[in-house]
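The values are calculated or read from the model by the stated rules, or taken from the named source; none is laboratory data. These numbers were taken from a predicted model, which means no experiment stands behind them. Virtual Cβ from ideal backbone geometry, glycine too; neighbours counted across all protein chains shown.
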Amino acid sequence: MGASNATAVLPKRAAAAFVAPAFVLIAVFLIFPALWTLFLGLTDYALTGAQALHPQVVGAANYATALSDPRLLNSLWVTFVYVFGSAIVGQAVLGFILAWTLRAWRGPVRSAVEILVILAWIIPGSVVAFLWIAFLDTKEGTLNGLLGNAAIPWLFSWPLLSIIVVNIWRGTAFSMLLFGGALTTVPPSQLEAARLAGASGWQQIRDIVLPSIRGHILTNLLLISLWTFNDFAPFLITAGGPNFATDTLPVYIFRNAFRNLQFGYGAAISTIMLLINLVIGLAYLRVLRARD
Amino acid sequence: MADVEIRGLTKVFPGGVRALDALDLHINDGEFFALLGPSGCGKTTLLRTIAGLEGATSGQILIGGRDVTGLPPGARDVGMVFQDYALYPHMTVADNITYPLKIRKVAKDERRRTAESVGGSLQIQALFDRRPGQLSGGQQQRVALARVIAYRPRVFLFDEPLSNLDARLRLEARTFLKQLQTELGITTIYVTHDQSEALAMADRMAVMEKGQIRQLDTPTACFRQSANLFVAGFIGSTPMNLLPARIVDGELDVAGCRLPIPEDVRAHVSRDEHLILGVRPEYMSLSRTEVPGALNGTVRILENLGVDTLVTVDVGDLRVQATAPDESVPTPGDHVWLTADPRHVLLYREDDGERVGAPRAAAGTSPGTPDVVNTPAR
Amino acid sequence: MRGTGPASTVRGEPSESELVVRRFLGRVAFYVFIVIVGAFFALPMVWLVLAPFDAHPTLNAALPDFTLGNFGDVLKDPYALSSLGVSILLAVGTMLLVVVLAAPAAYALSRVRLPGRDLLLYLLLLFSSIVTGTAAMVPLFLLIFDLGLTDTHLGVVLVLAGGLVPAGIFILKDFVDSIPTSYEESARLFGASSFQILRDIVLPYARPGLAVIAVWVMVNVWGNFLIPFILLRTPSSQPAAVVIYNFYTEGGQADLRLISTFGLLYSIPVVVMYLFVNRRYGFRFYGGLKG
């Protein structure tokens, strides 16, 4: 995997030329605005009022405001639950289970399940939001209809659970496909040797498969945690309510930046999010690499 | 410790490939039994079906008298050494060896003791704390062996375990394995495509082609009395001479030369019949002076085999090979006479490739269970 | 298959009949699981295929009061069709840009060991998450404004590509890592240039990876609301992701007929695209070569 001797396969000049165009694009349209946003977090920039014309650098004032805002702390908590419940427990576990149980299957059953799971990911976000609003509707929703015409107000009584379920629905495809690929890297003979020794399916997973695909698990968790952390879809379903029950950080930022037009403050929260994601990423790296 | 019996075993893969065709086989308790054949002959499929890693389409498998056909692999009490050893890269050697015991919920001390005794007998104790990635091929192979020995199954299955070793190591490992099996006395089924390996190690062997057994016999019998053209051509480090022959005036006519018909088949051949004469280069003797009842031709190529030299002679349109000891090697261009040792001349019918004359009963079968040689359905 | 022999007492293992029962139950459990999972994923989608054909749809997925009239009504909106065309334009454009930029970069990063490479990629990923969030709206708008690209599709494509290239490189690098270097080494001996090697050897092998990236980019762009919303002012240049919100009535209520119908129209192209790519290349997030 990878290069053993870099210059033999790809000389540095060629490598630089290959990376350059992507680098230019990223520098202009990614790094620059991102840094600018980080800088904005240190100002009191807003779209209205005096600050729009003369934004001042206020240093850590935004952060102080942020950390004393109970809504922010609520938002942090909601976001953590959202990420943990839907990404780690939901998507990754369900994705793995699907990849494992389907790995030996070919044919219509496997294709059907895979297509359904992937369709859930492909359908555009705004449509998905509406599908679930319809599905979970108290009076006319299909779910309540299937439950014998119950009138359970899913989105009102269990909003966080609802958006977690929606996110699992949406995101499992990625984990399923990624783990499906990872499972093909486990040599079948190792699993067969274990089967001959009498190992059950669960024992094979625990003792052989999981240690073998540790790197893939890390990659997967990193990406889906990051994406779920930054997911704006909850807004489309519950708009952060009821009563801030589903006020994840992206929704919180949206409210402050878009509604209240406090862009400086919103940028500061984005920076906080970035730092949290960085910490989470490092934590994963520590946990999953340490055991070597 | 157990014998293995296969009854009418058939395996058809999706897509119609008939990997095993109604096989019947009996392997005695404690026997070293080889499955030999070219790629695609079904030997590995047979091994994996016995292990339970493949399901049989029809037929039965009995181990120690117990029908295991429907049992999952873990319940059949068999151990298998894979071609790539299948060692777990993230476990130490010691943990690899004791993993099957751990699954069977053997207590930790006992696991350790077993590992030490097995590791000691295979001389790998020093490696216990290493990971498989740090071991050489030969060491990995011993660890794989230790793993199956440690949990004492009733049957050992080997899937070409030596093919990943280099040539010299392979020969050493061969001796080692044979000795080990003799000491342990566990029924062993050994798959290989290397005929010299099978001949060297097996008590009995089955030569397979396209899902069927073409000969089931001791190695000596397979070598000396190959039952058909396929076996004759497959076995033997130097290829057997297979020469078209015709019965003319009570003699064999090969490319114009007249040879005597071996006594034991005289009654089974008829005049003018077309046959294939098979005789191994090792059983041909070379003479520079004319000899009656011999093939004659011109020497073309010499190949040094170490002790002997393989001499290729053009006899008419045919190429005939003989081995000659160091002292009497001819020169290319010499005119020579080749005499086939009549005790080792085999005749095969041209149409079905089967040997002329009654097939010898295979040695070493358990009493009361006749061996059935599968002949292809015609 | 006859059961010969008594219940096994070899090492206390289960009897054959117990194993048969266990295997049967395992089978049943598997099928139950598949059905539940299948239903979980399928049920919310049912409304999308029923409601557009319903003259009087409710939020419930019910058998339709069949009509094709909704489609006509949707198409009466002046921007309905054009928005789908814009969506296609943006999706394909961004996809091409990302693939063209990410492929060589992934190859270079795979073959040249840069210290801190993984950390660098992860940082870029983190940054891309800022840029796709609402807080970056103003910097992005000002940047595009300064470049004179407001209200252009090019501006949108550049911004979207900038956000997606890091993840594209991340995923593609994995594919390239699994290609043995021996192919490139032998080509070097023939005197091939790096570009030729990339084009003739690496990219063909990485085709499944490129297909995955292409689908992934297009799906992301297809559903992206925020960037086009900020950067495009003219209604006729808006993609479907934005235009779908036109189908709320003045009172802020969702017009179910129009929303469902447009939602279906809006969903079909990406589904078709995925099915096409999957049929041709398979769709897996990993390197396809195995030893």
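I'd like to check which strands (runs of 3 or more DSSP E) are fully inside region B:240-293 and have at least 2 residues that are of a type outside the set (Phe, Trp, Tyr) and loosely packed, with under 13 Cβ neighbours inside 10 Å.
none
Working carefully through the options B:168, B:152, find the one that is surrounded by fewer than 19 Cβ atoms within 10 Å (Cβ to Cβ), at positive phi and within 27 Å of the chain's Cα centre (by Cα).
None of the other options fit; the residue is B:152.
Please return the ranges of helices (runs of 4 or more DSSP H) entirely within region A:43-133 where 3 or more residues are closer than 16 Å to residue A:224 by Cα and at pLDDT 90 or above.
Helices (runs of 4 or more DSSP H) meeting the threshold: A:70-82, A:93-102, A:108-122.
Here are some residues: A:41, A:90. Which one is within 30 Å of residue A:202 (Cβ to Cβ) and surrounded by 21 or more Cβ atoms within 10 Å (Cβ to Cβ)?
A:90
Please pick out the residue among A:208, A:276 that is touching a residue at least 12 places away in the same chain (Cβ under 8 Å) and either charged (D, E, K, R) or farther than 26 Å from residue C:139 by Cα (or both).
Going through A:208, A:276 in turn, the sole match is A:208.
Restrict the check to region C:42-49 and report whether at least one residue is over 21 Å from residue C:266 (Cβ atoms) and surrounded by 13 or more Cβ atoms within 10 Å (Cβ to Cβ).
no
Within the bounds of region A:6-17, is there any residue that is within 9 Å of another protein chain (Cβ to nearest Cβ), part of a helix (DSSP H, G or I), loosely packed, with under 13 Cβ neighbours inside 10 Å and among the hydrophobic types (A, V, I, L, M, F, W, C)?
Yes, region A:6-17 has at least one match.
Identify the single condition in (1) more than 23 Å from the chain's Cα centre (by Cα); (2) more than 10 Å from chain A (Cβ to nearest Cβ) that residue C:138 does not satisfy, given that it satisfies every other one.
Of the numbered conditions (1) more than 23 Å from the chain's Cα centre (by Cα); (2) more than 10 Å from chain A (Cβ to nearest Cβ), the odd one out for residue C:138 is (2).
Restrict the check to region C:99-115 and report whether at least one residue is among the basic types (Lys, Arg) and touching a residue at least 24 places away in the same chain (Cβ under 8 Å).
Yes: one or more hits.
Here are some residues: C:96, C:125, C:121. Which one is part of a helix (DSSP H, G or I), surrounded by fewer than 22 Cβ atoms within 10 Å (Cβ to Cβ), without any contact (Cβ under 8 Å) to a residue 60 or more places away in the chain and within 9 Å of chain A (Cβ to nearest Cβ)?
Within the list C:96, C:125, C:121, the selection yields C:125.
Kindly indicate whether any position in region C:33-47 is closer than 21 Å to residue A:121 by Cβ and either in contact (Cβ under 8 Å) with a residue 24 or more places away in the chain or in contact with a strand residue (DSSP E or B) (Cβ under 9 Å, 6 or more places away or on another chain) (or both).
Among the residues of region C:33-47, at least one is closer than 21 Å to residue A:121 by Cβ and either in contact (Cβ under 8 Å) with a residue 24 or more places away in the chain or in contact with a strand residue (DSSP E or B) (Cβ under 9 Å, 6 or more places away or on another chain) (or both), which makes the answer yes.
Got a sec? Which of A:254, A:263, A:258 is without any contact (Cβ under 8 Å) to a residue 24 or more places away in the chain, touching a Phe, Trp or Tyr at 6+ places or on another chain (Cβ under 8 Å) and either within 10 Å of another protein chain (Cβ to nearest Cβ) or β-branched (Val, Ile, Thr) (or both)?
Only one candidate passes the filter, namely A:254.
Taking region A:141-154 only, how many residues are touching a helix residue (DSSP H, G or I) at 6+ places or on another chain (Cβ under 8 Å) and surrounded by fewer than 17 Cβ atoms within 10 Å (Cβ to Cβ)?
Counting residues in region A:141-154 that are touching a helix residue (DSSP H, G or I) at 6+ places or on another chain (Cβ under 8 Å) and surrounded by fewer than 17 Cβ atoms within 10 Å (Cβ to Cβ) gives 4.
Does any residue in region B:79-93 that is within 7 Å of chain A (Cβ to nearest Cβ) and within 18 Å of residue A:211 (Cα to Cα) come within less than 7 Å, Cβ to Cβ, of a residue that is part of a loop (DSSP other than H, G, I, E, B) and not hydrophobic (A, V, I, L, M, F, W, C) six or more places away or on a different chain, and which pairs are these?
B:86/A:187
Among the numbered criteria (1) surrounded by 21 or more Cβ atoms within 10 Å (Cβ to Cβ); (2) under 19 Å from residue A:250 (Cα atoms); (3) away from chain C (no Cβ under 12 Å), which single criterion is violated by residue A:81?
(1)
Could you give every pair whose Cβ atoms fall below 6 Å, whose first residue belongs to region A:180-194 and is facing chain C (nearest Cβ under 7 Å), and whose second residue is surrounded by 18 or more Cβ atoms within 10 Å (Cβ to Cβ) and of a type in the set (Phe, Trp, Tyr), counting only separations of at least 6 or pairs across chains?
Within 6 Å, the pairs are A:181/C:285; A:181/C:286.
Does region A:138-151 hold any residues that are within 7 Å of chain C (Cβ to nearest Cβ), part of a helix (DSSP H, G or I) and of a type outside the set (Ser, Thr, Tyr), and which are they?
A:145
Check whether at least one residue in region C:63-80 is at pLDDT 85 or above, within 11 Å of chain A (Cβ to nearest Cβ) and out of contact with any strand residue (DSSP E or B) (no Cβ under 9 Å at 6 or more places or on another chain), and report yes or no.
no
Checking the structure you have, find out if any residue of region C:113-130 is within 19 Å of the chain's Cα centre (by Cα) and either over 26 Å from residue A:221 (Cα atoms) or small (Gly, Ala, Ser) (or both).
There is at least one residue in region C:113-130 that is within 19 Å of the chain's Cα centre (by Cα) and either over 26 Å from residue A:221 (Cα atoms) or small (Gly, Ala, Ser) (or both).
Residue by residue through region C:52-70, note down the ones that are crowded, with 18+ Cβ neighbours inside 10 Å and either of a type in the set (S, T, N, Q) or over 28 Å from residue A:138 (Cβ atoms) (or both).
Across region C:52-70, the qualifying residues are C:60, C:70.
Kindly provide the set of residues from region A:224-278 that are buried (at least 19 other Cβ atoms within 10 Å of the Cβ) and of a type in the set (Lys, Arg), ordered by number.
Hit for region A:224-278 is A:255, nothing else.
Do you know which residues across region C:105-118 are crowded, with 17+ Cβ neighbours inside 10 Å and assigned to a helix (DSSP H, G or I)?
C:105, C:106, C:107, C:108, C:109, C:110, C:111
Which residue out of A:135, A:130 is under 16 Å from residue A:161 (Cα atoms), surrounded by 17 or more Cβ atoms within 10 Å (Cβ to Cβ) and at the interface with chain C (Cβ under 7 Å from one of its Cβ atoms)?
From the options A:135, A:130, the qualifying one is A:135.
Taking the conditions exactly as written (within 11 Å of another protein chain (Cβ to nearest Cβ), closer than 22 Å to residue C:203 by Cα and either more than 24 Å from the chain's Cα centre (by Cα) or in a helix (DSSP H, G or I) (or both)), does residue C:102 satisfy them or not?
The answer is yes for residue C:102.
Could you look through region C:91-112, keep only residues that are in contact with a Phe, Trp or Tyr (Cβ under 8 Å, 6 or more places away or on another chain) and among the aliphatic types (A, V, I, L, M), and pick out the one that is farthest from residue C:222 (Cα to Cα)?
Checked region C:91-112; the qualifying residue farthest from residue C:222 (Cα to Cα) is C:108.
Let me confirm something: among B:42, B:65, B:37, B:15, which residue is more than 20 Å from residue B:144 (Cα to Cα), touching a residue at least 12 places away in the same chain (Cβ under 8 Å) and within 14 Å of another protein chain (Cβ to nearest Cβ)?
Of B:42, B:65, B:37, B:15, the one residue that is more than 20 Å from residue B:144 (Cα to Cα), touching a residue at least 12 places away in the same chain (Cβ under 8 Å) and within 14 Å of another protein chain (Cβ to nearest Cβ) is B:65.
Here's a check for you: in region C:239-271, which residue that is of a type outside the set (A, V, I, L, M) and surrounded by 23 or more Cβ atoms within 10 Å (Cβ to Cβ) is nearest to residue C:133 (Cα to Cα)?
C:239
If you go through region A:95-113, how many residues are at the interface with another protein chain (Cβ under 9 Å from one of its Cβ atoms) and crowded, with 20+ Cβ neighbours inside 10 Å?
Total satisfying the criteria: 3.
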